[in-house]
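> Attaching a single structure in structure tokens format; questions to follow.
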Amino acid sequence: MKAAVASNKPVDKLSEAEAKAELERLAREIAHHDELYYAQDAPEISDADYDALRQRNAAIEARFPSLVRADSPSSRVGAAPVAVFGKVRHAVPMLSLGNAFTAEDVVDFFARVRRFLRLADDATVELTAEPKIDGLSISLTYESGRLVQAATRGDGTTGENVTPNVMTLKQIPRRLAGKGVPGLIEVRGEIYLRHDDFEKLNAEQAAAGAKVFANPRNAAAGSLRQLDSSITARRPLRFFAYGWGAASALSVDTQFGVYKRFEQWGLPLNPLMQVCRTAEEVLAFHREMEAQRAALGYDIDGVVYKVNRLDWQERLGFVSRAPRWAIAHKFQPQEATTRLNDIEIQVGRTGALTPAAKLAPVTVGGVVVSNATLHNEDEIARKDIRIGDTVTIRRAGDVIPQVMGVVLDKRPKGAKAYKFPEVCPACGSAAVREVDERTGRADVVRRCTGGLICPAQAKERLKHFVSRNAFDIEGLGEKQIEAFYDEGRIMQPADIFTLAERDARLAEDKRLAAKKGYGAKSIENLFKAIEARRAIALDRFIYALGIRHIGETTARDLAKALGTFDAFRTAAVAAAKGGKDSDAYQELDNIEGIGATVVDALIDFFSEPHNLQALDDLSAQVAVEPFVRATAASPITDKTVVFTGTLEKMTRPEAKALAERLGAKVTGSVSAKTDYVVAGSDAGSKLAKARDLGVEVLTEDEWLKLVSGET
DNA sequence: ACCCCTCGAGTTCT
DNA sequence: CTCGAGGGGT
């Protein structure tokens, strides 16, 4: 059967005959997809498309109750529709927690607990410490070990009955296993979505034209409150247990002891839970969690401490709506809302048009953010971001601010959908999205076709040329390039090396010395820095050209294979002349790490007379040194090394250069092929992954010993 | 024909 | 740091 999509005709426009026919078709299709999904585990449509079918079915049935079929999908077992969620009164209220925002608040908490229990100031108070999951609280009632009811937190006193939906969660046991299961226990915990699952869900929602969720918590809440539990079943909701309400005969005397029991019974626990004995330990845990926050894969908004001894918990009791024996230690919020004042289009080195959000400055996670990338045209359309909108900003752990979505309630009247420009803002050339010939899909990036005539691209290429891993000319950074280009001093790479000579011939008032901020000394330094780069390694030279798809590594591959600038130039020119079937094309294609895409990019570059001219002008000015093979064998020759965390004794680039000089390959991500992971302080996800894969992990000192040849 | 690994490109703020 | 995609191995 063909992948079906709900038909478009509005339900209220359907005739009775049409409705009847469509209900029949929907019953057949949904049954078919159910079979594929449940029995064969091979769905052929996305969950969102499937949901759309079911929702359409429900809508038609609602309008034509007389047409509801005996085999209606909505009446199938496991999919019983719940008209309205029933209300559930919590036997023991689900309270909130007091908050701590600073270390001082935490120390105060310890002091309050000691004072209340009349303990000495130096008495040990054990606390459990655990991440505070940002999801929705849920209460699970187990009678004789069987799950009989699930309810949301609601207002703390009364929640909603979501039992059929919760029953579909794979991580929530229907029956508690093992010893010591009490006759009655109400387990509490958090239902949440992982980031990757959330992204996937949203992509599917978007593809199906359905609602896109603003964040994982909303998506989890939306998924749990589905009227049709078979939709919930298809959402990858997860669960962590962290407490309990009513319970009979637990026969355990600590909070952590109960967690251990939970685990034995088959309830999922957050693996990061631990016991702390001092304020210092607790604060260290908080710091650790904040550092790991981004790498966890799910949202947390702080950590929670609970007095470990249950008899003490009982004595401490409650103040108004929060227990005295627990506290939530919040992180600095990493999310904020602000106004999007404008969308600016930046033109990159390759001509890519990248939209940037200009924001009313707002503090997120401790820094003031005023810019955020909007990635591309589709992203703006998907989130329907408009100028003047109030948007939510998040600093994901990677530190880079992201626009998560729009606060629709605050959209100004008359705000129009954003129209992405189809001409380059810098040069006016057409900006197009290339269409892949094979798949017929348009590239996500729109590019300026101006190429050599586009000043924005020219500037970006020059910035790339002088950047750290290319020519690395001190005193000639992005700012200077911008200015020198605008003043006509440097229009192309070769101009850098004739700058001094030309400057000397200029009229007094046009010379660099007449420019604000340029004294005799800084001019001398700049010219010296330029002279120092008249000799350059072949790989850096190739990289500096900024040819598409040729980054640092590929430039090195080419340099290594071809050896000299002349060989490189000859091979590329011959391939450009000879085309796909020439020997020169094959020679390049055969180089390790080089494929058709890279060769085609080379050909594009070398087919352009202006580029050849610029290249010849440049090579008249600089001496390109032949590629030099790495030094003799060392303990790390041909090993793959990954650096992570903060190194103390040298910077990352230094460490990388050293490793490469000794014949090692340095990569950015840990995989099964990695030989060593060198972990500095505050190492995060890469370290975790290395442990996962059983890759050897070295401290910085061990690493230094290894490379210096000691054992 | 896939899948894994790695590379390239784009990005914010201090 | 992350995404998307190129390259190469199975």
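> Which condition number does A:S74 fail, the rest of (1) surrounded by 19 or more Cβ atoms within 10 Å (Cβ to Cβ); (2) closer than 30 Å to A:G302 by Cα; (3) modelled with pLDDT under 80 being met?
Status for A:S74: all satisfied but (2).
> Now for a different question. Consider only pairs whose beta carbons are under 9 Å apart and that are at least six residues apart or on different chains; among these, list those whose first residue lies in segment A:626-654 and is more than 17 Å from A:A672 (Cα to Cα) and loosely packed, with under 14 Cβ neighbours inside 10 Å and whose second residue is at pLDDT 75 or above and among the aromatic types (F, W, Y).
Pairs found: A:P626/A:F565.
> Filter segment A:162-172 down to the residues that are in contact with a strand residue (DSSP E or B) (Cβ under 8 Å, 6 or more places away or on another chain) and surrounded by fewer than 18 Cβ atoms within 10 Å (Cβ to Cβ), then identify the one that is farthest from A:G243 (Cα to Cα).
Across segment A:162-172, the extreme among qualifying residues is A:M167.
> Output the residues belonging to segment A:167-186 that are within 19 Å of A:N270 (Cα to Cα) and not basic (K, R).
A:L169, A:Q171, A:I172, A:P173, A:L176, A:A177, A:E186
> Scan segment A:185-227 residue by residue and report those that are surrounded by 22 or more Cβ atoms within 10 Å (Cβ to Cβ) and outside any helix (DSSP H, G or I).
Matches in segment A:185-227: A:I185, A:V187, A:G189, A:E190, A:I191, A:Y192, A:L193, A:Q226.
> Right, something else. Do we have A:I603 as within 13 Å of DNA strand C (Cβ to nearest atom), closer than 25 Å to A:G351 by Cα, at pLDDT 90 or above and not basic (K, R) here?
On the way: within 13 Å of DNA strand C (Cβ to nearest atom): yes; closer than 25 Å to A:G351 by Cα: yes; at pLDDT 90 or above: yes; not basic (K, R): yes.
It is true that A:I603 is within 13 Å of DNA strand C (Cβ to nearest atom), closer than 25 Å to A:G351 by Cα, at pLDDT 90 or above and not basic (K, R).
> Still on this structure, please answer the following. Could you please find all residues in segment A:488-526 being of a type in the set (F, W, Y) and modelled with pLDDT of 90 or more?
A:F497
> Among the residues of segment A:466-484, is there at least one that is touching a Leu at 6+ places or on another chain (Cβ under 6 Å), touching a residue at least 24 places away in the same chain (Cβ under 8 Å) and either closer than 20 Å to A:G546 by Cβ or not charged (D, E, K, R) (or both)?
The answer is yes, given that some residue of segment A:466-484 is touching a Leu at 6+ places or on another chain (Cβ under 6 Å), touching a residue at least 24 places away in the same chain (Cβ under 8 Å) and either closer than 20 Å to A:G546 by Cβ or not charged (D, E, K, R) (or both).
> When the residues of segment A:593-606 are filtered to those that are outside any helix (DSSP H, G or I) and loosely packed, with under 15 Cβ neighbours inside 10 Å, which remaining residue is nearest to DNA strand B (Cβ to nearest atom)?
Ranking the candidates gives A:G593 first.
> Just for segment A:286-326: of the residues that are assigned to a loop (DSSP other than H, G, I, E, B) and within 16 Å of DNA strand C (Cβ to nearest atom), which one is farthest from A:A100 (Cα to Cα)?
Applying the filter and picking the extreme gives A:G297.
> May I pose another question? Residue check: is A:G351 more than 16 Å from DNA strand C (Cβ to nearest atom), at pLDDT below 90, of a type outside the set (D, E, K, R) and surrounded by 21 or more Cβ atoms within 10 Å (Cβ to Cβ)?
The answer is no for A:G351.
> Against the condition among the β-branched types (V, I, T), part of a helix (DSSP H, G or I) and surrounded by 14 or more Cβ atoms within 10 Å (Cβ to Cβ), how does A:V113 come out, does it pass?
Answer is yes for this residue.
> Here's another thing I want to ask about it. Name the single residue, out of those in segment A:531-548 being of a type outside the set (G, A, S) and either without any contact (Cβ under 8 Å) to a residue 60 or more places away in the chain or assigned to a loop (DSSP other than H, G, I, E, B) (or both), that is nearest to DNA strand B (Cβ to nearest atom).
Selected residue: A:R548.
> Determine whether A:D616 is in a helix (DSSP H, G or I) and within 30 Å of A:A295 (Cα to Cα).
Judged against the criteria, A:D616 is not a match.
> Right, another one. Confirm whether A:E460 is in a helix (DSSP H, G or I), within 16 Å of DNA strand B (Cβ to nearest atom) and out of contact with any helix residue (DSSP H, G or I) (no Cβ under 8 Å at 6 or more places or on another chain).
For A:E460, the condition - in a helix (DSSP H, G or I), within 16 Å of DNA strand B (Cβ to nearest atom) and out of contact with any helix residue (DSSP H, G or I) (no Cβ under 8 Å at 6 or more places or on another chain) - is met.
> So, in segment A:562-592, of the ones that are part of a helix (DSSP H, G or I) and touching a residue at least 40 places away in the same chain (Cβ under 8 Å), which residue ends up farthest from DNA strand C (Cβ to nearest atom)?
So, considering only residues that are part of a helix (DSSP H, G or I) and touching a residue at least 40 places away in the same chain (Cβ under 8 Å), the one farthest from DNA strand C (Cβ to nearest atom) is A:F565.
> Still on this structure, I have one more. So which residues in segment A:674-684 are at pLDDT below 80 and out of contact with any helix residue (DSSP H, G or I) (no Cβ under 7 Å at 6 or more places or on another chain), if there are any at all?
A:S681, A:A683
> Give the residue that is surrounded by the most Cβ atoms within 10 Å (Cβ to Cβ), with candidates limited to residues of segment A:544-567 that are under 16 Å from A:V622 (Cβ atoms) and under 38 Å from the mean Cα position of the chain (by Cα).
Residues of segment A:544-567 that are under 16 Å from A:V622 (Cβ atoms), as a first pass: A:544-546, A:555, A:559, A:564-566.
With under 38 Å from the mean Cα position of the chain (by Cα) added as a condition, the list becomes A:544-546, A:555, A:559.
Details: A:A544: 23, A:L545: 19, A:G546: 21, A:A555: 23, A:A559: 25.
Only one residue fits best here, namely A:A559.
> Here is a further query. Mind listing whichever residues of segment A:275-297 are surrounded by 15 or more Cβ atoms within 10 Å (Cβ to Cβ) and among the polar types (S, T, N, Q)?
A:Q292
> Out of the residues in segment A:367-420 meeting the condition of being of a type in the set (A, V, I, L, M), more than 19 Å from A:K211 (Cβ to Cβ) and part of a loop (DSSP other than H, G, I, E, B), tell me which one is farthest from DNA strand C (Cβ to nearest atom). Outline the logic, then answer.
Residues of segment A:367-420 that are of a type in the set (A, V, I, L, M), as a first pass: A:367-369, A:372, A:374, A:380-381, A:385, A:387, A:391, A:393, A:396, A:399-400, A:403-404, A:406-408, A:415, A:417.
So of that shortlist, the ones also more than 19 Å from A:K211 (Cβ to Cβ) come out as A:367-369, A:372, A:374, A:387, A:393, A:396, A:399-400, A:415.
Still in the running and part of a loop (DSSP other than H, G, I, E, B): A:374, A:387, A:396, A:399-400, A:415.
Numbers: A:L374: 13, A:I387: 24, A:A396: 6, A:V399: 7, A:I400: 7, A:A415: 27 Å.
Of everything passing the filter in segment A:367-420, A:A415 is farthest from DNA strand C (Cβ to nearest atom).
> If you don't mind, another one. Output the residues belonging to segment A:641-694 that are of a type in the set (D, E), away from DNA strand B (no atom under 13 Å from the Cβ) and not in a helix (DSSP H, G or I).
A:E648, A:D682
> Would you pick out the residues in segment A:228-256 that are over 30 Å from A:V307 (Cβ atoms) and either without any contact (Cβ under 8 Å) to a residue 40 or more places away in the chain or not in a loop (DSSP other than H, G, I, E, B) (or both)?
A:S229, A:S230, A:I231, A:T232, A:A233
> Considering only segment A:518-560, state which residues are within 19 Å of A:E625 (Cβ to Cβ), within 16 Å of DNA strand C (Cβ to nearest atom) and of a type in the set (G, A, S).
Within segment A:518-560, A:A555, A:A559 qualify.
> Can you work out which of the residues in segment A:467-499 that are farther than 16 Å from A:D617 by Cβ and either in contact with a strand residue (DSSP E or B) (Cβ under 7 Å, 6 or more places away or on another chain) or of a type in the set (A, V, I, L, M, F, W, C) (or both) is surrounded by the fewest Cβ atoms within 10 Å (Cβ to Cβ)?
A:A483
The values are calculated or read from the model by the stated rules, or taken from the named source; none is laboratory data. Small disclaimer: the values here were computed from a predicted structure and weren't measured. As a convention, Cβ positions derive from the backbone with ideal geometry for all residues, glycine included, and neighbour counts pool all protein chains shown.
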